[in-house]
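Report on the following structure.
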Amino acid sequence: MSSLVSDLRNARSGTVLVQWMRGLSLPFRSVALLWRHRSLWNWAAAPAIIGILLFTGVAVAAVAYSDDLLALWWTQPTSEGLWGGILLLGWIILYVILMLLGVAGAYLTALLLGGIVASPFNDALSIRAEDILTGDSPSPDEVSMWTGLGRSLVSTTAVTVVYVLCAVPVLALNIIPWIGPPVAAVLHAGLAAFFLGLEYADVALARYGLRWKEKLDLLNRHRPLALGFGLSTSLLFWIPLLNLVVMPVAVVGGTALGLALHEPK
């Protein structure tokens with residue numbers, strides 16, 4: 001067992017701060033693993049390309065249609081005078097907030113949708129990363145390659161659907177003037193971080209036949225680890241150019257997290 005997985009397993013019994021810090025550092029340690037094992041690079045190329053195309057597309061769309069969304073419940077003020085200026089300033093502030101939240105919501109949603117599109121490639125990368133992390137192949141003879149990929153695709157889709165269902169009422173808070181947007185931003189950041197942790201840990205956990213409730217229980221018992229990993233991963237996706245390689249980094253980190261939380265007999 002690699003030192004990375006062993007360290008994560010030891011952190012499970014640590015304080016909230018210890019788990020949180022291990023989760024935050026996991027993507028960066030995954031970069032080091034990818035750098036040392038360049039045999040993984042060929043498998044990391046496809047998820048990276050898919051990721052950058054999706055992230056760029058949804059971010060541009062969110063910026064382009066923010067004014068149309070705001071116009072559904074408040075058209076741009078056109079009155080003159082002091083009161084008209086105050087209204088216009090308020091409209092501009094809400095427009096900027098809505099645009100930023102729209103980009104964030106679309107961007108984080110694209111992270112999970114990207115997992116669906118890139119699922120076959122992510123699963124192949126995860127299998128090879130697990131081989132390096134454990135020193136053993138993850139019992140490829142138990143299921144066929146296509147069965148494994150299909151199971152991974154179904155599992156990834158299920159995570160995405162549940163995330164979207166949970167995110168809708170949170171994002172709906174944006175319609176509440178003033179207090180709604182900041183509350184929605186905080187709640188959505190936490191929700192997205194947890195589901196990103198689940199999304200990429202599930203790439204490995206799905207191969208062990210865990211049921212949906214068992215996966216949620218694993219991450220809930222060690223929530224600081226999952227939240228730390230999900231938060232740092234989502235932040236890395238926002239860095240231009242670096243986001244080219246974040247999806248394969250997330251797959252490797254999620255594989256290590258899944259192995260650390262679940263110890264198959």
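Miscellaneous remarks
- Search result, residues across the range 159-189 that are among the β-branched types (Val, Ile, Thr) and in a helix (DSSP H, G or I): Val159, Thr160, Val161, Val162, Val164, Val168, Val170, Ile175, Val183, Val186
- Candidates are the residues of the range 235-265 that are surrounded by fewer than 22 Cβ atoms within 10 Å (Cβ to Cβ) and assigned to a helix (DSSP H, G or I); the one that is modelled with the lowest pLDDT is Leu244.
- Residue that is of a type in the set (Lys, Arg) and modelled with pLDDT under 75, where the choices are Arg151, Arg128, Arg211: Arg151
- Sole residue being in contact (Cβ under 8 Å) with a residue 12 or more places away in the chain and either within 15 Å of the chain's Cα centre (by Cα) or farther than 23 Å from Gly14 by Cβ (or both), chosen from Gly254, Gly180: Gly254
- Considered as a group, the residues in the range 1-57 that are among the polar types (S, T, N, Q) and either touching a strand residue (DSSP E or B) at 6+ places or on another chain (Cβ under 8 Å) or surrounded by 19 or more Cβ atoms within 10 Å (Cβ to Cβ) (or both) include one that is nearest to Met247 (Cα to Cα), and that residue is Ser30.
The values are calculated or read from the model by the stated rules, or taken from the named source; none is laboratory data. Predicted model only: the values in this text are computed from it and were never measured. When we count neighbours, we look across all protein chains shown, and the Cβ atoms used for this are built from the backbone with ideal geometry, even at glycine.
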